[in-house]
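Colleague: So that we are looking at the same thing, I have put the structure below in structure tokens.
The values are calculated or read from the model by the stated rules, or taken from the named source; none is laboratory data. Everything numeric in this text was worked out from a predicted model, so none of it was measured. Don't worry about glycine lacking a Cβ; one is built from the backbone with ideal geometry, like all the others, and counts go over all protein chains shown. With ligands, DNA and RNA removed, areas are computed over all heavy atoms of the protein, side chains included. Shrake-Rupley method; radii C 1.70, N 1.55, O 1.52, S 1.80 Å.
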Amino acid sequence: QLQLVESGGASVQPGGSLILSCAASGSTSDYYAIAWFRQAPGKERQGIACFSTVDGSTWYADSVRGRFTTTRDNAKDTIYLQMNGVTTEDSSTYYCAAEELRPGNVAWCSGLIARLSGEYEVWGRGTLVTVSS
């Protein structure tokens with residue numbers, strides 16, 4: 001069974017950079033959507049990025065587009081979230097999540113469904129990012 005473990009959360013100053021990792025194990029498929037979500041205390045969990053291994057399609061929330069990039073390293077079976085130019089609004093617990101896709105699920109990350117936490121079956125436990133001076 002697929003399992004995900006996030007790491008890399010830390011305290012960082014505004015304008016700084018951070019890389020989060022999501023290590024996957026137990027994968028039985030080559031076809032997944034891998035998404036990043038974040039949730040601050042008292043707020044709704046928000047989808048911020050999505051990457052599909054089917055066709056490489058991606059999606060980024062407006063709040064992070066141009067600053068965050070998600071990539072996959074097949075050799076390490078790890079997903080990364082590169083966070084640049086962070087602001088205090090980025091302070092959240094960050095989660096990675098995965099949903100198994102079919103080979104024909106092209107552009108899956110572009111669909112509204114990809115932004116909904118309820119669509120993802122497998123979740124990591126989260127890693128905390130705090131942005132402060």
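Colleague: Identify the residue in the stretch 1-37 that is hydroxyl-bearing (Ser, Thr, Tyr) and outside any strand (DSSP E or B) and, among all such residues, is least open to solvent (accessible area, probe 1.4 Å). So that I can check it myself, show each step before the final result.
Modeller: Kept after step one, since they are hydroxyl-bearing (Ser, Thr, Tyr), are these residues of the stretch 1-37: 7, 11, 17, 21, 25, 27-29, 31-32.
Pick out the ones that are also outside any strand (DSSP E or B) and you get 17, 27-29, 31.
Numbers: 17: 68, 27: 52, 28: 123, 29: 16, 31: 86 Å².
Looking at residues that are hydroxyl-bearing (Ser, Thr, Tyr) and outside any strand (DSSP E or B), I get 29.
Colleague: Answer yes if at least one residue in the stretch 87-94 is surrounded by fewer than 22 Cβ atoms within 10 Å (Cβ to Cβ) and at pLDDT below 95, and no otherwise.
Modeller: Among the residues of the stretch 87-94, not one is surrounded by fewer than 22 Cβ atoms within 10 Å (Cβ to Cβ) and at pLDDT below 95, which makes the answer no.
Colleague: Would it be correct to say that residue 115 is in contact with a strand residue (DSSP E or B) (Cβ under 6 Å, 6 or more places away or on another chain), farther than 15 Å from residue 22 by Cα and touching a residue at least 40 places away in the same chain (Cβ under 8 Å)? I'd like the intermediate steps shown before the answer.
Modeller: On the way: in contact with a strand residue (DSSP E or B) (Cβ under 6 Å, 6 or more places away or on another chain): yes; farther than 15 Å from residue 22 by Cα: yes; touching a residue at least 40 places away in the same chain (Cβ under 8 Å): yes.
The answer is yes for residue 115.
Colleague: What number of residues in the stretch 95-112 are open to solvent by 20 Å² or more (accessible area, probe 1.4 Å) and touching a strand residue (DSSP E or B) at 6+ places or on another chain (Cβ under 9 Å)?
Modeller: So the answer is 9.
Colleague: Against the definition (over 24 Å from residue 1 (Cα atoms), of a type in the set (Val, Ile, Thr) and open to solvent by 20 Å² or more (accessible area, probe 1.4 Å)), how does residue 130 come out, yes or no? Let's see the steps before the verdict.
Modeller: Values: over 24 Å from residue 1 (Cα atoms): yes; of a type in the set (Val, Ile, Thr): yes; open to solvent by 20 Å² or more (accessible area, probe 1.4 Å): yes.
Taking the combined requirement at face value, the residue satisfies it.
Colleague: Sort out which residues of the stretch 76-133 are of a type in the set (Asp, Glu) and within 13 Å of residue 35 (Cα to Cα), and write them in order of number. Break it down into steps so the answer makes sense when it comes.
Modeller: First, the residues of the stretch 76-133 that are of a type in the set (Asp, Glu): 77, 89-90, 99-100, 119, 121.
99, 100, 119, 121, listed by residue number.
Colleague: Would you please list the contacts, defined by Cβ atoms under 8 Å and residues six or more apart or on different chains, that run from a residue in the stretch 1-25 that is over 16 Å from residue 90 (Cα atoms) to a residue that is in a loop (DSSP other than H, G, I, E, B) and of a type in the set (D, E, K, R)?
Modeller: The qualifying pairs are 5/125; 6/125; 23/76; 23/77; 24/77; 25/77.
Colleague: Pick out the one residue from 46, 82 that is open to solvent by 70 Å² or more (accessible area, probe 1.4 Å) and at pLDDT 95 or above. Can you show your working first?
Modeller: Details: 82 fails: open to solvent by 70 Å² or more (accessible area, probe 1.4 Å).
Residue meeting the stated conditions: 46.
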